[in-house]
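Laboratory data are not the source of any read-out in this text; all were calculated from the coordinates shown. Since we're looking at a predicted model, the values are computed, not measured. Methodologically, a virtual Cβ is constructed for each residue, glycine included, from the backbone with ideal geometry; neighbour enumeration extends over all protein chains shown.
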Amino acid sequence: MEHTFDTILEFIEGLSIIDTHEHLPASEKHRPQAPDVLGEWLTHYFSCDLVSAGLQEAQLARARDPHVPLMDRWQLLAPYWHAAASTGYGRALALSAQALYGIDRIDSGTIEELNRRFLEARERGGHYRYVLKQKSRIRVSILDANLDADPEFFVSVCRFDGYVCPTHRRAIVGVQERLGRTIHTVRDWKEALETELDAALKRGMVAVKCGLAYKRPLFFEKTTEAAAEAGFNELFAAANSPDWRDPIRPAKALQDHMMHHLLALADARGLAVQFHTGLQEGNGNVITDANPVLLANLLLEYRNVRFDLFHMGYPYMQEIAALAKNFPNAYIDMCWGHIISPEAARRALGEWLDAVPANKISAFGGDYVFVDGVYGHQELARRNVAAALSEKVRQDCFDMDRACEIARWLFVDNPEALFGLRPPAP
Ligand SMILES: [Zn+2]
């Protein structure tokens, strides 16, 4: 078993992989310069585990503040850090500290040295190349969402959530200004969406991204343009009212209608659409809104759209398996998954390999807003996939050659085909 795992892991470590999803600053020069290591590493994820462990929001704000002495902030964090250190988020940071900065253990004895090395590396520059290329061996990352991102590292998806769910009166005004045309009706609104989508495609957009599971359930009913028009008129009237700065909630019929229109546009162009499903980042949200099975009607209707279902659907891993098994256009994306719970990711992958064809799964998307986290995540992902595959070999489900073939599909060939990415430069 040990030997099988080691052999498969060695093969996987040699792969130059595709990263299906990141939120990193668009280039190294866009990286925020104010935070130190605690400020940057506690931007998201592990900070939520600290809050979940009992850290107060006010204490977290103080712990992020680089003007407060580092050791004072560490004292504040230490008990919660200790409590959360073995979660996927905690382990990803520990792996990054070790591999990127040579710090074997993050504690009161090492935090100052870790910070010194962190600041030194940022000062030196070339950190994106060091982390993403040299250490993480990532061929390309799909960024959410910036078409101007550094092409050495990124291609980009685009979001049109503002068209589907224009939660603010300014949405109409913003589009009018951007496109230099006035908008009066849902028909105008739909044409504006089409114009912007085609412009983004021309500029290299590789897929559409939808993050609306943070705001509403993923069930989008079929509604008529007339029903949508009523909601649109409310929004439009509000855009011209004196207090136009206040957000309003647009009618559900309008949102549903616009999602169907967006998918019809994607369908006609054979595009992939990345859907947030499962766990929402932060402390507190409605998980049932993000159940991937709510997308079944869209999967049935828009057959030319490749639905890339994010985050393993966590905790709906069996539901997502049923979708990927049933629908030729449903794909499982493990982005974020290996750090939400490494164990859940391994177990789910073991089950999917039995139920879902192996060309339907993408193994890795870092999903970080800061670059150092990506290293730890991709390392956990490589080990997890090696563990799941070696277990299958041990059970005589398939041999080593097949295991390595599947590993290459999951990390490279599947996302490459799904997003129509260019093959690597020779
Ligand atoms: Zn994300």
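Brief remarks follow.
- Long-range amide H partners of ALA272 with built H, under 5 Å: VAL208, ARG306
- Each of VAL393, VAL157 has some number of other Cβ atoms within 10 Å of its Cβ, and from fewest to most they run VAL393, VAL157.
- Rounded to whole Å, sorted largest first: equivalent-ellipsoid semi-axes of the chain, Cα gyration tensor: 36, 28, 20
- Along the axis of the charge dipole computed for the range 220-355 (Cβ charges of +1 for Lys and Arg, -1 for Asp and Glu, origin at the Cα centre), the listed residues ALA228, GLY282, ILE339 are led at the positive end by ILE339.
- If you run the Gaussian network model on the chain, springs between alpha carbon atoms under 10 Å, then out of LEU197, LEU179, LEU323 the most flexible one is LEU179.
- Angle in degrees between helix 2-13 and the longest Cα principal axis of the chain, rounded to the nearest 10: 50 degrees
- Computed over the range 17-126, the P(r) curve from all C-alpha pair distances, binned at 5 Å from the origin, holds 2, 11, 21, 25, 22, 13, 5, 1 percent per bin.
- Evaluating 6.51 cos²θ - 1.76 cosθ + 1.60 at θ = phi - 60° for every residue in the range 111-123, the Karplus couplings come out as 4, 5, 5, 4, 5, 4, 5, 4, 5, 4, 5, 5, 4 Hz, glycine and proline recorded as x.
- Estimated 222 nm signal from helices in the chain, with DSSP H stretches of n ≥ 4 weighted -39500 (n - 2.57), rounded to 500: -15000 deg cm²/dmol
- By the equivalent-ellipsoid construction on the alpha carbon gyration tensor, the range 254-312 comes out with semi-axes of 23, 12, 10 Å, ordered largest to smallest.
- Fewest-first sequence of SER108, SER96, SER362 by Cβ atoms within 10 Å of each Cβ: SER108, SER96, SER362
- Distant-in-sequence amide contacts of PHE419, defined by a placed amide H-H separation under 5 Å and a gap of 5 or more residues or a different chain, comprise nothing.
- Net dipole in debye of the chain [+1 Lys, Arg Cβ; -1 Asp, Glu Cβ; about Cα centre; nearest 20]: 540 debye
- Sequence of ASP144, ASP413 once ranked by neighbouring C-beta atoms within 10 Å, starting from the fewest: ASP413, ASP144
- Phi to ³J(HN,Hα) by Karplus 6.51 cos²θ - 1.76 cosθ + 1.60 over the range 196-202, Hz, x for Gly, Pro: 6, 5, 5, 5, 5, 4, 4
- Full extension of the chain between THR195 and ARG394 gives 66.3 nm of extra length, using 0.36 nm per residue less the Cα-Cα distance.
- Equivalent ellipsoid semi-axes, the range 174-227, via Cα gyration tensor eigenvalues times 5, rooted, Å: 21, 19, 11
- The chain: angle of helix 371-394 to the longest principal axis, Cα-based, in degrees nearest 10: 80 degrees
- Hull shadow area, averaged, the range 310-426 [alpha-carbon convex hull, nm²]: 7.7 nm²
- PHE160 long-range amide H proximity, modeled H, under 5 Å: LYS209
- About its Cα centre, the dipole of the range 237-384 is roughly 320 debye, where the only charges are +1 on Lys and Arg Cβ and -1 on Asp and Glu Cβ.
- Taking GluC sites (Glu not before Pro) across the range 204-237, the ones in a DSSP loop with at most 13 further Cβ atoms lying within 10 angstrom of their Cβ are GLU221.
- Helix 225-239 vs. the chain, principal-axis angle (Cα, 0 to 90°, nearest 10): 80 degrees
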